[in-house]
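Structure, as structure tokens:
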Amino acid sequence: MPNLRTSVTLFLLLATQISFWTPGLSYENFLTLSGYLAINFMSITMLLATRPAWLESPLGGLDSMYQLHKWTGILAVVFALSHWLIEMADDALEAMFGSDRSLKEADFSGLLDSLQDGAEDLGEPGLYLLLFLVVITLTRWVPYYYWRYLHRVMPVIYLVLAAHALLLAPLKWWHQPAGWLMALLIAGGAVASLQSLTGQIGSSRRYKGLVQAVRQTSTNITEVVCEMGKRWPSHQAGQFALVTFDRIEGAHPFSVSSADNDSGQIGFHIKALGDYTRKIPHKLQPGQHVTLEGPYGRFNPDSGRKNAQQIWVAGGIGITPFLAALENRLINSQQTHPAISLHYCTAGATGDPMVTRLRELTEQLPDILLHIYDSQVEQRLTVDQLQIHDRRVDVWFCGPQGLAKALRSGLKQQPISLRFHQESFEFR
């Protein structure tokens, strides 16, 4: 289910579109309203796919933008299916609600008539393809490597369905706000589709560099250091980049685990979570080319509320943004920082290189209180162990969803003003 921010945004998007609509009860009204909402949400989905930088702040980061992208896509399919079902039930709905001849599709002749017939014929197969792509995205039946190429068909499907909407819309729409809004969104969606088809999405934020070092720090974690020179813009602790080591494999999101120290070097700690990441320590070599896109994200652990208790919680590889935050504190030691309690959950603390690195950093930072929980010796983090002592609490979390849900549930029972900051890397 969408989180609160995404739910509110979806409601506002729907309410805005409905506010442009002229209400009525007829078969044609239901048909055109469902089609209007379907193509509008498809257009918004395409626009969000371009990763517009100006939307990161209001939406809370690229991860939230992609969550919204997912749910606008789901709504687009829901309204598109409704549109198809309403058309299939035309006789029954006309008998129940009557007909509104003013909302009939435009009657063209010549070339436009042929284009209209083609758009009408392509509407149904376009819907089937759209439904298929959304289903395999949500169910994850197809591995990411193959899904990435299948997903590239989406802009073509969108352009077909946009032509269907434009050519079959009632002529009276082009004199009404609803038609103007739809045309504006389709224009934006068409531009976004062309950007996607030509590989231009994110091109202004891509930077080329070289892999400087590859170190397998444990059986399932690889540290990769990239030399970007002066090309890479400054980044904040907690941000991530879309990293391309292999053009065929494409870009993957990895949190930056090093602070910005103006050296041109950027570090990542990559956990072997799938086929691709398991191959990295064996296939990646120093000197290879790398492309970074970003930086993205608004997960900044040092941007909590003043006079609020600050708690950082990391599980496994989720410690990476906090490593960058700790390094940033060392670099900017002259600045005043609030006290932090850092809770790190791991499976096997004695052999975990992250534990060693955390202790090295926190020994130099007296305002950081480090707590280690080792699941191999039955040490589990609970809400009680967070040692909440303030009415206002900011929790910065990066780790497994199960731990996040457990902590959220327990914290809701506390009489506190809580802000729970968490990024989601579910990009499909």
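The values are calculated or read from the model by the stated rules, or taken from the named source; none is laboratory data. As the structure is a prediction and not an experimental result, all values here were calculated from the model. In this analysis, Cβ positions are derived from the backbone assuming ideal geometry, glycine residues included, and neighbour counts consider all displayed protein chains. When the accessible area is computed, the model is the full protein with side chains, heavy atoms only, and any ligands, DNA or RNA have been set aside. Shrake-Rupley method; radii C 1.70, N 1.55, O 1.52, S 1.80 Å.
What to note about this one:
- Within region 347-368, the set of residues being open to solvent by 70 Å² or more (accessible area, probe 1.4 Å) and either more than 21 Å from residue 217 (Cβ to Cβ) or not in a loop (DSSP other than H, G, I, E, B) (or both) comprises 350, 356, 357, 359, 360, 366.
- Residue, nearest to residue 242 (Cα to Cα), within region 56-101, restricted to residues that are open to solvent by 40 Å² or more (accessible area, probe 1.4 Å) and of a type in the set (D, E, K, R): 70
- Checked across region 231-238, the condition of being open to solvent by 50 Å² or more (accessible area, probe 1.4 Å) and under 21 Å from the mean Cα position of the chain (by Cα) holds for at least one residue.
- Scanning region 372-385 for residues that are within 20 Å of residue 359 (Cβ to Cβ) and part of a helix (DSSP H, G or I) gives 375, 376, 377, 385.
- Boolean, residue 190 is under 17 Å from residue 47 (Cβ atoms), outside any loop (DSSP other than H, G, I, E, B), open to solvent by less than 50 Å² (accessible area, probe 1.4 Å) and out of contact with any Pro (no Cβ under 7 Å at 6 or more places or on another chain): yes
- If you go through region 121-157 and keep only what is loosely packed, with under 14 Cβ neighbours inside 10 Å and either more than 23 Å from the chain's Cα centre (by Cα) or acidic (Asp, Glu) (or both), you end up with 121, 124, 125, 128.
- Test for residue 421: is it open to solvent by 40 Å² or more (accessible area, probe 1.4 Å) and outside any loop (DSSP other than H, G, I, E, B): yes
- Taking the criterion of being out of contact with any helix residue (DSSP H, G or I) (no Cβ under 9 Å at 6 or more places or on another chain), farther than 30 Å from residue 414 by Cα and modelled with pLDDT of 90 or more, the residues of region 349-382 that qualify are 356, 359, 360, 363.
- Single match in 103, 31, 55, 68 (criterion: touching a residue at least 24 places away in the same chain (Cβ under 8 Å), out of contact with any His (no Cβ under 9 Å at 6 or more places or on another chain), among the aliphatic types (A, V, I, L, M) and farther than 20 Å from residue 135 by Cβ): 103
- Contact annotation: residue pairs with Cβ atoms under 6 Å, 6 or more positions apart or on different chains, pairing a residue in region 264-289 that is within 25 Å of residue 326 (Cβ to Cβ) with a partner that is assigned to a helix (DSSP H, G or I), are 269/320; 270/277; 270/280; 271/317; 272/278.
- All conditions but one from (1) in contact (Cβ under 8 Å) with a residue 60 or more places away in the chain; (2) touching a helix residue (DSSP H, G or I) at 6+ places or on another chain (Cβ under 8 Å); (3) not in a helix (DSSP H, G or I) apply to residue 344; the one that does not is (1).
- Residue tally, condition over 18 Å from the mean Cα position of the chain (by Cα), farther than 24 Å from residue 103 by Cα and either modelled with pLDDT under 95 or polar (S, T, N, Q) (or both), over region 1-47: 0
- Looking across region 3-28, the residues that are touching a residue at least 40 places away in the same chain (Cβ under 8 Å) and either aromatic (Phe, Trp, Tyr) or surrounded by 16 or more Cβ atoms within 10 Å (Cβ to Cβ) (or both) come down to 6, 9, 10, 13, 14, 17, 20, 21, 26, 27, 28.
- Checking residue 404 against (1) closer than 23 Å to residue 273 by Cα; (2) in contact with a Ser or Thr (Cβ under 8 Å, 6 or more places away or on another chain), the condition it does not meet: (2)
- Within region 193-230, being surrounded by fewer than 17 Cβ atoms within 10 Å (Cβ to Cβ), closer than 25 Å to residue 281 by Cβ, in contact with a strand residue (DSSP E or B) (Cβ under 8 Å, 6 or more places away or on another chain) and in contact (Cβ under 8 Å) with a residue 60 or more places away in the chain holds for 206, 208, 210, 213, 216, 217.
- Every residue from region 369-387 that is over 25 Å from residue 298 (Cα atoms), buried (at least 18 other Cβ atoms within 10 Å of the Cβ) and touching a residue at least 40 places away in the same chain (Cβ under 8 Å): 381
- The residue list 278, 305, 298 contains one member that is in contact with a strand residue (DSSP E or B) (Cβ under 8 Å, 6 or more places away or on another chain) and at negative phi, which is 305.
- When the residues of region 239-255 are filtered to those that are of a type in the set (Gly, Ala, Ser) and modelled with pLDDT under 90, the one that is least open to solvent (accessible area, probe 1.4 Å) is 250.
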